[in-house]
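For reference, the structure discussed in these notes is given below.
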Amino acid sequence: MKNRIKILFVIILVVTSAVIRAQDNKLRGVVQESVDHDGHAHLSPLAGANVVWLGTTNGAATDAEGRFVLDKPAGLPQQLVVSYIGYQSDTLTITAADAEISVVLETARQLDEVVVAGRRPGSHYSSLEPMLTEVITQSELQRAACCNLSEAFETNASIDVSYSDAVSGAQQIQLLGLAGIYSQILTENMPTLRGLGQPFGLSYTPGPWMESIQVSKGAASVINGYESITGQINVELKKPQNAEKLFYNFYANDFGRLESTLNAAVNLSSLWSTMVMAHGEFLNNTIDHNHDSFLDHPLVRKFNVVNRYRYDRPGIMESQFGVRLMQEDREGGQQSFFQDKEEWGSLNAYGFGVNTRRYEAFAKTGFFFSKMPNASLGTQFDFSHHSHDSNYGPTTYEGTQNTFYANILFENTIAQNPDHRFTTGVSFLMDDYREILADSLFDRREAVPGIFGQYTMTRGGHFTLIAGLRGDFHNIYGPFLTPRFHLRYKAGEYTTFRASAGSGFRVPNLIAENTGLLVSNRSIRVLEDIEPERAWNYGGSITRSLTLMGKDASITAEYYRTDFQNQLIVDVDAKLTEARFYNLEGRSYANNVQVEMGFEPIRRLEMTAAYRFTDVKTTINGVLDTKPFVNRYKGLLSGSYASRNNRWQFDLTAQFNGPSRIPSTDMLPEALRMPESSPAHTILHGQVTYSLRAFDLYLGGENLTNFRQMNPIIASAEPFGEYFDGSMIWGPILGRMFYLGLRYAIDR
């Protein structure tokens, strides 16, 4: 294996040394907005701006960094139009000598008074992406404390975040009614949160590091792999070339949680820039508000740092690479475990603890060709090491995972026609697992080489067709194909239709994906050899722009269905003392319908209203039944108001959560039984932000309705008895919480 990797690197070096050339025929640029803070102007990337050659439909939309790449037309000079709703458009004359430009758009203003006429939405659906993609910008992330990725979706209608148990603090997401393991989580388009990192991985990415998040629903592109089933969540981190020169964030809440983040970026030269991001978290306050003898939240000590570099030679190559280190100690359990200073594995008091170490190195490089102006070659490499030692009461769980990911892709037009493009490439994924649960050893090495191709056809700005196919060979499960298809059609100026279909393939990680079961006295029984999970996802959406009460508004209606050919079934209904693992025998599906509306009823007030209906059923123990802990419906109403000078901002979000099925507890003594379903409940979050020059002061509260799942741990008084179970979580564990924070930024 090591020899093969060395040979692969040699091939890459030979190829890349042959492709570095002189200037290409592309125009690159960045679109920004000028934001005024107490009389001082600051530049901020403007995502989703339209950049179009005048008199044509050839153009692009800026990405989360405000950047774009366009093919230069024949017969320069030509005029380029840059526009965004609520901002004054700008027209520039581009000559053959122009390689990279910077555009700053100003907000539209009335002539008789200085009043901002438009406000950039914190989140929006991309108008040009063929997949239904919601872009969550940095301004949206700052509407709540957003201490990490798991807390970035409080104002989002599509994604639910819940706890996996009542002791460890592990969190999981749901998209299209299915657990986050069926959504591919990417960092800058590279899959990084996988395998053993999933139980606590959502807390590994601090909010102040994130530039934006793109949530795409349904079948994803074949370029990024085969594991996505319900969609992709791509996190874009801040970049050295356009991040703040210095950024600091401090956060504290009334539970005793303290966080501090420091980012620093510098241009080393005209070609080189670098950035360091450091984050620390500390919580050492033992709280038991519901008096069940268990801590309401785990104690945490965490340190996280990234050092990244960027090398950019316009028209020749651009490269990003860096390293990331993280260490976390997490402890929980009964208060007496800490008061009496018990040893791990003690039978006198229940103690939970996990020590995690994670190291990562990544590199992304793009090369451009002078003789093929429409072509580019890209490489992506990532290596990560994850290890943890943990105790769940008397049960020990140790794990180590080494992962290597490589992706090499080539893109070009067909017959030099920009309306017909293709992308092709090869990939390689290797996972080396070593897990020990109690006395059982779970070791495996997965090696998956793959090849893929994707064709994209466009017709102006109104029609886009993407058809992709990849073939992969798994060293354990053999070959498999992954076809995916996407269609976008814009009917007129205001209505956009999208449709997608595709399959997904993934190998489940039995223990890591179900660590909540370790917070119980259930024994884990694997009834048969577990096969990979396979599923088809298909659906579509309609987006309509309209005028309501004289104001711009938009509404998006979507439907997606996921059908499983095979699925890992985790059966906790059949027997009280067991969790049974087996392959699907029968049907398993998820239907998801959602309607979302964005509206600005008065100037500077953004409103979002959404309703989602979910129907998820799985064959469990021979019976097609509703999947546990999935809310039947969810409503969301969110508002954000900014004062005239942007000095004050007020944010409020209400989540209306429907009932969900609770696994049967009829076998328990009557005093310990839970109802058949959870009650409908409302969660309220709010925040007030005050901006003064380079400072932002924010004060907020979560779960202001103080709704909690009472007695979330079954038989908490007897944690070593047969009935103990802390995994039956359907709602919030923590009650009302208040926080305050400070942000300080020095722009370049």
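What follows is calculated from the coordinates using simple rules that are stated; it is not laboratory data. Note that the coordinates shown come from a computational prediction; the quantities given were computed from them, not determined experimentally. Here Cβ is always computed from backbone atoms with ideal geometry, including for glycine, and neighbour counts include all displayed protein chains.
Descriptive notes on the structure:
- Relative to the longest principal axis of the Cα atoms of the chain, the long axis of helix 2-19 makes an angle of roughly 20 degrees.
- Whether the range 613-711 is rounded, prolate or oblate, judged on the alpha carbon gyration tensor where a/c under 1.5 counts as rounded: prolate
- Net charge of Cβ neighbours under 12 Å - reference ILE729; Lys, Arg +1; Asp, Glu -1: -1
- Inter-part distance where the range 383-444 and the range 270-284 are each reduced to a Cα centre, Å: 24
- Within straight-line reach of LYS302, meaning a Cα separation under 28 Å, sit the following lysines at least 8 residues removed in sequence or on another chain: LYS238, LYS239, LYS245, LYS341, LYS364.
- Under 27 Å from LYS575, Cα to Cα: lysines that are on another chain or at least 8 residues apart: LYS617, LYS627
- Relative contact order %, the chain, counting alpha carbon pairs below 8 Å whose residues are six or more apart: 11
- Karplus 3J(HN,Hα) series, Hz, for the range 164-176 with 6.51 cos²θ - 1.76 cosθ + 1.60 (x for Gly, Pro): 8, 7, 9, 10, 7, x, 5, 10, 9, 10, 10, 10, 6
- Ranking of TRP648, TRP536 by count of other Cβ atoms within 10 Å, fewest first: TRP648, TRP536
- Reachable lysines, given that their alpha-carbon falls under 20 Å from the alpha-carbon of LYS490 and they are not under 8 places away in the same chain: LYS217
- Applying 1/(1 + (r/R0)^6) with r as the Cβ-Cβ distance of HIS289 and TYR633 and R0 = 30 angstrom yields a FRET efficiency of 0.55.
- Based on Cα contacts under 8 Å between residues 6+ apart, the range 627-730 shows a relative contact order of 22 percent.
- Least to most buried among SER34, SER727 (fewest other Cβ within 10 Å first): SER34, SER727
- Over all directions, the projected convex hull of the C-alpha atoms in the range 463-603 averages 13.2 nm² in area.
- When every Cα-Cα distance of the range 357-417 is counted in 5 angstrom steps from zero, the calculated P(r) takes the values 4, 14, 16, 12, 11, 9, 9, 7, 6, 5, 4, 3, 1, 0 percent.
- Packing-based exposure ordering (other Cβ within 10 Å, fewest first) of ASP439, ASP747, ASP472: ASP439, ASP747, ASP472
- For the range 597-669: Kirkwood Rh in Å [reciprocal of mean 1/r, alpha carbons]: 15.5
- Local electrostatic count, GLN565, Cβ distance below 11 Å [Lys/Arg +1, Asp/Glu -1]: -1
- Cut-off 13 Å between beta-carbons: net charge of the residues surrounding HIS289, Lys and Arg +1, Asp and Glu -1: -2
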